[in-house]
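The values are calculated or read from the model by the stated rules, or taken from the named source; none is laboratory data. On a predicted model such as this, the values are computed, not experimentally measured, just so you know. Counting neighbours? That spans all protein chains shown, and the Cβs are built from the backbone with ideal geometry, glycine included. Only protein heavy atoms, including side chains, enter the accessible area calculation; ligands, DNA and RNA are left aside. Shrake-Rupley method; radii C 1.70, N 1.55, O 1.52, S 1.80 Å.
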Amino acid sequence: RPPEDEEEAEVGWQEKLFSQFEVDLYLNESACQTPLDWEYHEEIQKLEKAGGRKNCRIFTYTDHDRFTNLEELCQKVTDLDNEVPSYLVERMANVRRRRQDRRPAEASSLKSKIITWEPSEEFIKNNHVINTPVQTMYIMGDLGPYGKLGQREYENVLCTIKVDGNGVITVKPDFNGSKGAYRIELDGEQREVWEYIIENASAQVQPEEMEHEQRVFRDLYGRHRDYLSGLVGTDFEMPLPGTLRLLVNGEIVSAQGYEYDNLYVHFFLELPNRWSSSPFQQLSGVTQTCATKKVGWENVAYFCYPFTVEMFYTLENEGVFPYSLPEWPVLYFEVLSLDFWQRYRVEGYGSLVLPASPGVHMLTIPTWRPVELGTVAEMRRFFIGGSPELEDLTYIRIPSTFKGKRLSRFGFRTQTTGSVTFRLYCLQQSKAFLESSALRQRMQSVLDRLGGFSQQSSVYNVLEAFQRARRRMQDARESLPQDLISTSASSV
């Protein structure tokens, strides 16, 4: 190929190399309008006096050029020619990620304004998207025919370099290395093909500079850790020793499969023995009345009703979890319907034992309702509302007044109705979890025992018997005279 079609240039970060089009444009004083245009005008005049520019086809657009601004705003989401931008694309186009005016956080007010209750439109625009400040630079190539340089239609992007506020450098396309050269095929009669190679010409970092950089990073991370700890504060609440704290962020998601429309759910939480809660904690609630819609073969009412409960379990021995199975809190609920004439009907009763393991739990609980024999009760339910109700909702599971060993429900007639879906986020906190690593395996087995939903396995019984036998052996050994123990040890 002709030698004029081969060019090699070493480009620094944000180094401006003018193209033939920019030289012709900025030499004309009438085309200079902005201060940047006049600055380029002076630089080009100095280049002309010094013998002209060294580059021919390779030039750059820096972060301040108009090309860089338009390139960011005019990017398409897809490769369709007739693409219609969506609402999100239009909103994102109005948010510039580059050179944002971010106010530094004041060190004296670490805890102030963690939550902005009345955000402005500018605040929303700057914070509800990925808003990392970015500096951009484009390395361009003028691939026009020789003697006709400076035409915009022959300008092609060879490489895009971006550096964000976190110090991450993005080079697209990447350095060639051992790969082959990149190819650009031009549209036209001759179908010219250009090849180019991108290499990293930066000087290698010395070991002393690398160690200094690592020390700077360690100091920076330490200050950032102190800043985050200052935001959290030192008044982090810990439960008392010998207490297990259970926090449940729950949601009544939906109710499906019921006979009538306009459903609402009334629920309350029963705390067994050794459980307690704050006097200001609400342990009951009622959802909003929700109309159903047809989903598949069922009518579904979506409540999405959130609730939060915080409970404390006092351990039998301080700092030691119990070997016996504790009772776990139970959530009782009833589903009711309300029509236009203010007639309400009981649609179903159900109960839910709170999960013993922390994490996210999605549970669907079936319900039932009591019924009476004959058609009169159903006609009364249809025309005037009302139906047989439970006087004590704990009868759904085990009545609170029951003290015997066997509970008989013989003769109590019920009918299966729909189901209610719950989403529960459970958190557990206790100082007993912070014991030494020797107790972690026992803590894990205790967490499994805390559920109490299934029978305790034989492994736990064997371990418990072994612990009792080991304690008896230690007590017997301590009661023996010391001279007898030393004599037996020496004979062995």
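Scan the stretch 329-408 for trypsin sites (Lys or Arg not before Pro) in coil per DSSP, keeping those whose Cβ has at most 12 other Cβ atoms within 10 Å, and list them by number. Passing both the DSSP loop test and the Cβ count: Lys403, Lys405, Arg406.
Residues Ser276, Ser337 ordered from highest to lowest accessible area at a 1.4 Å probe: Ser276, Ser337.
Across the stretch 288-318, the residues whose backbone nitrogen lies under 18 Å from the label position 7 Å along the beta-carbon direction of Leu427 are 306-313.
Looking at the stretch 162-265, which trypsin sites (Lys or Arg not before Pro) are in a loop (DSSP not H, G, I, E or B) and have at most 12 other Cβ atoms within 10 Å? The partial results should precede the final answer.
Values: sites: Lys162, Lys179, Arg183, Arg191, Arg215, Arg218, Arg223, Arg225, Arg245; in loops: Lys179, Arg191.
Loop-located and lightly packed - Lys179, Arg191.
A straight chain from Met210 to Leu47 at 0.36 nm per residue would run longer than the Cα-Cα distance by 54.9 nm.
Under the simplified labelling scheme, the Ile124-Thr401 pair shows an inter-label distance of 5.5 nm, with each label point 7 Å from Cα along Cα→Cβ. Segment His64..Arg477, full-extension length gain: 140.2 nm, with 0.36 nm per residue of separation and the alpha-carbon distance subtracted.
Treating r as the C-beta distance of Arg413 and Thr364 and R0 as 25 Å, the FRET efficiency rounds to 0.55.
In this rough spin-label picture, where each label sits 7 Å from Cα along the Cβ direction, the Gln342-Tyr146 distance is 9.6 nm.
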